[in-house]
Amino acid sequence: MLNNLLLDISVGTIDWSRAQFALTAIYHWLFVPLTLGLAVIMGIAETCYYRTNKRFWKDIARFWQKLFGINFAMGVATGIILEFEFGTNWSNYSWFVGDIFGAPLAIEGIIAFFMESTFVAVMFFGWKKVSPGFHLASTWLTGLGATISAWWILVANSWMQYPVGQTFNPDTMRFEMTSFMDVALSPVAVDKFFHTVTSSWIIGAVFCVGVSCWYLLKRREEQLAKKSIKIGAIVGLVASLLAAMTGDNSAYMVGKTQPMKLAAMEALYKGGQSQGLTLVAAVNPFKQPDYVNEQEPAMRLAIPNLLSFLATRDFNGYVPGVNDILNGYVTPQGEKLPSLKEKVTMGKKAIDAVAKYRKGDMSDANRKVIMDNIQYFGYGYVKSADQIVPPIPITFWSFRLMVGIGCMLILFFVLALFFVYKKDLADVKFKWFHVLALIFIPLAYIASESGWIVAEMGRQPWTIQDMLPTWVAVSDLKSGSVALTFFIFLVLFTTMLAVEISILCKQIKKGPEHSAVVESTNNL
């Protein structure tokens, strides 16, 4: 089926389908991290209210819950569209691996989403209808539901990056799950989950500190602002340090499972032992480099041996470059890894054997050819080396944006904690810090989006690593139809984002509702 469809799908359809999915994913990720981050902020604030029974903490909790609710609604809308696109734009992918990929998405919808929906209602409307303890539990369970939802989505995404727990069934012509636990507890999934969630806590913390500093800038709600800055800065600092730790482990897993992605992240064309970690280099951001002839980027500034340590846990470890992966290489342990030419040959053997099987050759010999070569199935559709080398400039600079802003965020949270505990942060002389906090809100988003660009662009052209390239996974649609929906979604998502920002700004300008004032008004 796949090799027949390949001949009918235009390049325009592939490019527009990729662009549409990227657009939806980028917009969706503007909402998700703030949801996960604010869940922690509002949970801590309500816990303080439960422990102290001070109305002030209730006001803080309700204020952040309102902002959480506005953002939560927008995130749900974009997430639903994103999942539908697997069926509309990537039907070959869904047909080929739907038995595996669909399982975590189904669990996410059945358990996590319903959990969020149930407890979010109690959180917003149950203040006077349930006990304080049950309401506190509902607030934390709303955040937990969103986090569990993220877990299953990231399990599905991680399987695409590192497919495990499956086997190819030539009778159904599909990959089928053999071990749910291998899929659900893949080391790539575990690392991706913790790194993604902690980075989302950073977004919530930066947003909390930034909004609070806006109040100080306007000389309003000073008590709320100072207390919220303490919560946000503590959460942010802890999350930043955890994100750095989980990011280190993620780099190690990338080195083991996706060496081409790591080579693109580092613009490493010729690898070897004792490789340094590049801080900055003159990589043209608008042009794919001549990786075949270039030994390393010009003006490279690197930390000696650090890349080897990150990728192998050995300062003298071997890290392959782009050309090593294309030409094949022997690891220090003596394992010979095939070249691109050899992978293409094995991929074509798998495709031909599958075609024969479909025509009736179900012999053990033909089945053996399929199973021996199926792991390189996707390479059978590759025609040149350029097709499997990711866009190096985008991957290289996105990684540095993520890491660079991440390091600045650690310093920012340390500074925020120092000022809020040792100084009077409401003093007008700290106006510069208030402005800085507002600037860090978009910077944190840039870092978060850059991380996803590294993860997704770095694995191109694979929808499933080594198994299915994008031009085989796409649906057989007219490019004009996909282009039309791209611009419809662009307008729709941009409008939704503008509406959310407008509502958030109005709610922030309005400020929190003070319990004492509300109760006095009600008594009148």
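The values are calculated or read from the model by the stated rules, or taken from the named source; none is laboratory data. Since the structure is predicted, the reported quantities are computational estimates derived from the model, not experimental observations. FYI the Cβ positions are ideal-geometry reconstructions off the backbone, even for glycines, and counts take in every protein chain you see. The accessibility values were calculated without ligands, DNA or RNA, using every heavy atom of the protein model including side chains. Shrake-Rupley method; radii C 1.70, N 1.55, O 1.52, S 1.80 Å.
Keeping to the stretch 7-28, report how many residues are open to solvent by 30 Å² or more (accessible area, probe 1.4 Å) and not basic (Lys, Arg). Please lay out each step first, then the result.
Within the stretch 7-28, the first condition is being open to solvent by 30 Å² or more (accessible area, probe 1.4 Å), and the residues that meet it are 7-8, 10-11, 15-16, 18-19, 21-22, 25-28.
Retained after the next criterion (residues that are not basic (Lys, Arg)): 7-8, 10-11, 15-16, 19, 21-22, 25-28.
Residues meeting the conditions: 13.
Tally up the residues in the stretch 366-386 that are within 22 Å of Phe175 (Cβ to Cβ) and either more than 32 Å from the chain's Cα centre (by Cα) or open to solvent by 60 Å² or more (accessible area, probe 1.4 Å) (or both), please.
Going through the stretch 366-386, the residues within 22 Å of Phe175 (Cβ to Cβ) turn out to be 366-382.
Of the ones still in play, those that are also either more than 32 Å from the chain's Cα centre (by Cα) or open to solvent by 60 Å² or more (accessible area, probe 1.4 Å) (or both) are 366-372, 375.
Count: 8.
Does the stretch 489-513 hold any residues that are hydroxyl-bearing (Ser, Thr, Tyr) and more than 18 Å from Val211 (Cβ to Cβ), and which are they?
Taking the stretch 489-513 as the starting set, the residues that turn out to be hydroxyl-bearing (Ser, Thr, Tyr) are 494-495, 502.
Thr494, Thr495 - these are the residues of the stretch 489-513 that are hydroxyl-bearing (Ser, Thr, Tyr) and more than 18 Å from Val211 (Cβ to Cβ).
Across the stretch 98-119, what is the total count of residues that are of a type in the set (A, V, I, L, M, F, W, C), surrounded by 17 or more Cβ atoms within 10 Å (Cβ to Cβ) and either more than 21 Å from the chain's Cα centre (by Cα) or more than 22 Å from Asp171 (Cα to Cα) (or both)? Before the answer, list the steps.
First, the residues of the stretch 98-119 that are of a type in the set (A, V, I, L, M, F, W, C): 100-101, 103, 105-107, 110-115, 119.
Next, from what is left, pick out any that are surrounded by 17 or more Cβ atoms within 10 Å (Cβ to Cβ): 100-101, 103, 107, 112-113, 115, 119.
Restricting the remaining residues to those that are either more than 21 Å from the chain's Cα centre (by Cα) or more than 22 Å from Asp171 (Cα to Cα) (or both) gives 107, 112-113, 115, 119.
Final tally of qualifying residues: 5.
Restricting attention to the stretch 171-185, which residues are crowded, with 16+ Cβ neighbours inside 10 Å, within 15 Å of Met467 (Cβ to Cβ) and not charged (D, E, K, R)? Quick ask: steps written out before the conclusion?
Keep residues of the stretch 171-185 that are crowded, with 16+ Cβ neighbours inside 10 Å, which gives 174-175, 177, 183-184.
Retained after the next criterion (residues that are within 15 Å of Met467 (Cβ to Cβ)): 174-175, 177, 183.
If the condition is that a residue be crowded, with 16+ Cβ neighbours inside 10 Å, within 15 Å of Met467 (Cβ to Cβ) and not charged (D, E, K, R), then Phe175, Met177, Val183 are the ones that fit.
Within the stretch 438-455, is there a residue that is farther than 30 Å from Tyr269 by Cβ and more than 20 Å from the chain's Cα centre (by Cα)?
Within the stretch 438-455 (the criterion being farther than 30 Å from Tyr269 by Cβ and more than 20 Å from the chain's Cα centre (by Cα)), the answer is yes, since at least one residue qualifies.
I'd like to check which helices (runs of 4 or more DSSP H) are fully inside the stretch 285-398 and have at least 1 residues that are among the acidic types (Asp, Glu) and at pLDDT 90 or above. Walk me through it before giving the result.
Details: elements: 306-312, 322-327, 340-358, 364-373.
Once the helices (runs of 4 or more DSSP H) in the stretch 285-398 are filtered for at least 1 residues that are among the acidic types (Asp, Glu) and at pLDDT 90 or above, what remains is 322-327, 340-358, 364-373.
Given the criteria in contact with a helix residue (DSSP H, G or I) (Cβ under 7 Å, 6 or more places away or on another chain), closer than 20 Å to Ala233 by Cα, open to solvent by 60 Å² or more (accessible area, probe 1.4 Å) and assigned to a helix (DSSP H, G or I), does Val420 qualify?
Numbers: in contact with a helix residue (DSSP H, G or I) (Cβ under 7 Å, 6 or more places away or on another chain): yes; closer than 20 Å to Ala233 by Cα: yes; open to solvent by 60 Å² or more (accessible area, probe 1.4 Å): no; assigned to a helix (DSSP H, G or I): yes.
No, not satisfied.
Does Val97 satisfy the criteria of being part of a helix (DSSP H, G or I) and in contact with a Leu (Cβ under 8 Å, 6 or more places away or on another chain)?
On the way: part of a helix (DSSP H, G or I): yes; in contact with a Leu (Cβ under 8 Å, 6 or more places away or on another chain): yes.
In short, yes.
Pairs needed: first member in the stretch 137-166, within 14 Å of Met253 (Cβ to Cβ) and β-branched (Val, Ile, Thr); second member anywhere, at pLDDT 90 or above and open to solvent by 10 Å² or more (accessible area, probe 1.4 Å); C-beta distance under 8 Å; at least 6 residues apart or different chains.
Every condition considered, the pairs that remain are Val164/Ser179; Val164/Asp182.
Does Leu409 count as open to solvent by 30 Å² or more (accessible area, probe 1.4 Å), farther than 24 Å from Val188 by Cβ and either of a type in the set (Ser, Thr, Tyr) or at pLDDT 95 or above (or both)?
Numbers: open to solvent by 30 Å² or more (accessible area, probe 1.4 Å): no; farther than 24 Å from Val188 by Cβ: yes; either of a type in the set (Ser, Thr, Tyr) or at pLDDT 95 or above (or both): yes.
Spelling it out, it is not the case that Leu409 is open to solvent by 30 Å² or more (accessible area, probe 1.4 Å), farther than 24 Å from Val188 by Cβ and either of a type in the set (Ser, Thr, Tyr) or at pLDDT 95 or above (or both).
Tell me the residue from Gly247, Gly236, Gly204 that is open to solvent by less than 40 Å² (accessible area, probe 1.4 Å), over 24 Å from Gln65 (Cα atoms) and either touching a His at 6+ places or on another chain (Cβ under 6 Å) or at pLDDT 95 or above (or both), please.
Details: Gly236 fails: over 24 Å from Gln65 (Cα atoms); Gly204 fails: over 24 Å from Gln65 (Cα atoms).
Of Gly247, Gly236, Gly204, the one residue that is open to solvent by less than 40 Å² (accessible area, probe 1.4 Å), over 24 Å from Gln65 (Cα atoms) and either touching a His at 6+ places or on another chain (Cβ under 6 Å) or at pLDDT 95 or above (or both) is Gly247.
Which one of these does Phe124 not meet: (1) at pLDDT below 90; (2) touching a Phe, Trp or Tyr at 6+ places or on another chain (Cβ under 7 Å); (3) surrounded by fewer than 20 Cβ atoms within 10 Å (Cβ to Cβ)?
(2)
Being more than 30 Å from Met346 (Cα to Cα), touching a Gly at 6+ places or on another chain (Cβ under 8 Å) and surrounded by 13 or more Cβ atoms within 10 Å (Cβ to Cβ): is that true of Leu425 here? Show your work before the answer.
Working: more than 30 Å from Met346 (Cα to Cα): yes; touching a Gly at 6+ places or on another chain (Cβ under 8 Å): no; surrounded by 13 or more Cβ atoms within 10 Å (Cβ to Cβ): yes.
The answer is no for Leu425.
Of the residues that sit in the stretch 153-168 and are assigned to a loop (DSSP other than H, G, I, E, B) and in contact with a strand residue (DSSP E or B) (Cβ under 9 Å, 6 or more places away or on another chain), which one is least open to solvent (accessible area, probe 1.4 Å)?
The first filter runs over the stretch 153-168 and keeps only residues assigned to a loop (DSSP other than H, G, I, E, B), leaving 162-165.
Checking which are in contact with a strand residue (DSSP E or B) (Cβ under 9 Å, 6 or more places away or on another chain) leaves us with 163, 165.
Values: Pro163: 30, Gly165: 13 Å².
Only one residue tops the list, namely Gly165.
Ala263 versus (1) under 21 Å from Gly204 (Cβ atoms); (2) open to solvent by less than 20 Å² (accessible area, probe 1.4 Å): which is the lone unmet condition?
Just one mismatch for Ala263, condition (1).
Taking the options Asn305, Asn293, name whichever one is of a type outside the set (A, V, I, L, M, F, W, C) and loosely packed, with under 13 Cβ neighbours inside 10 Å.
Numbers: Asn305 fails: loosely packed, with under 13 Cβ neighbours inside 10 Å.
Of the residues listed, the single one that is of a type outside the set (A, V, I, L, M, F, W, C) and loosely packed, with under 13 Cβ neighbours inside 10 Å is Asn293.
What is the number of the single condition among (1) touching a Lys or Arg at 6+ places or on another chain (Cβ under 9 Å); (2) among the small types (Gly, Ala, Ser); (3) within 20 Å of Leu217 (Cβ to Cβ); (4) in a helix (DSSP H, G or I) that Ala426 does not meet?
That leaves (4) as the condition not met.
In the stretch 506-523, what residues are at pLDDT 90 or above and open to solvent by 60 Å² or more (accessible area, probe 1.4 Å)? Talk me through it step by step, then tell me what you get.
Within the stretch 506-523, the subset at pLDDT 90 or above is 506-510.
Passing the criteria: Lys506, Lys509, Lys510.
Which of the residues that make up the stretch 169-221 are outside any loop (DSSP other than H, G, I, E, B) and of a type in the set (Lys, Arg)?
Scanning the stretch 169-221 gives Arg174, Lys192.
Starting from residues that are among the charged types (D, E, K, R) and touching a residue at least 60 places away in the same chain (Cβ under 8 Å), keep the ones in the stretch 43-101 and report whichever is nearest to Phe134 (Cα to Cα). Give the steps one after another, and end with the answer.
Here is the first cut: in the stretch 43-101, the ones among the charged types (D, E, K, R) are 46, 51, 54-55, 58-59, 62, 66, 83, 85, 99.
Right, trim to touching a residue at least 60 places away in the same chain (Cβ under 8 Å) and you get 46, 55, 58-59, 62, 66, 85, 99.
Numbers: Glu46: 12, Arg55: 17, Lys58: 15, Asp59: 18, Arg62: 15, Lys66: 19, Glu85: 38, Asp99: 38 Å.
Among those residues, the one meeting the criterion is Glu46.
Every residue in the stretch 132-152 that is open to solvent by 50 Å² or more (accessible area, probe 1.4 Å), out of contact with any helix residue (DSSP H, G or I) (no Cβ under 7 Å at 6 or more places or on another chain) and farther than 19 Å from Pro33 by Cβ, please.
Phe134
Would you please list the contacts, defined by Cβ atoms under 8 Å and residues six or more apart or on different chains, that run from a residue in the stretch 474-496 that is touching a residue at least 40 places away in the same chain (Cβ under 8 Å) and farther than 28 Å from Gly378 by Cα to a residue that is hydrophobic (A, V, I, L, M, F, W, C) and part of a helix (DSSP H, G or I)?
Phe489/Leu23; Phe489/Ile81; Leu490/Leu23; Phe493/Leu23; Met496/Met74; Met496/Ala77
Test Phe68 against the criterion of being crowded, with 21+ Cβ neighbours inside 10 Å and within 20 Å of His514 (Cβ to Cβ), and give yes or no. Steps first, please.
Working: crowded, with 21+ Cβ neighbours inside 10 Å: yes; within 20 Å of His514 (Cβ to Cβ): yes.
Yes; evaluated as a whole, the condition is true for this residue.
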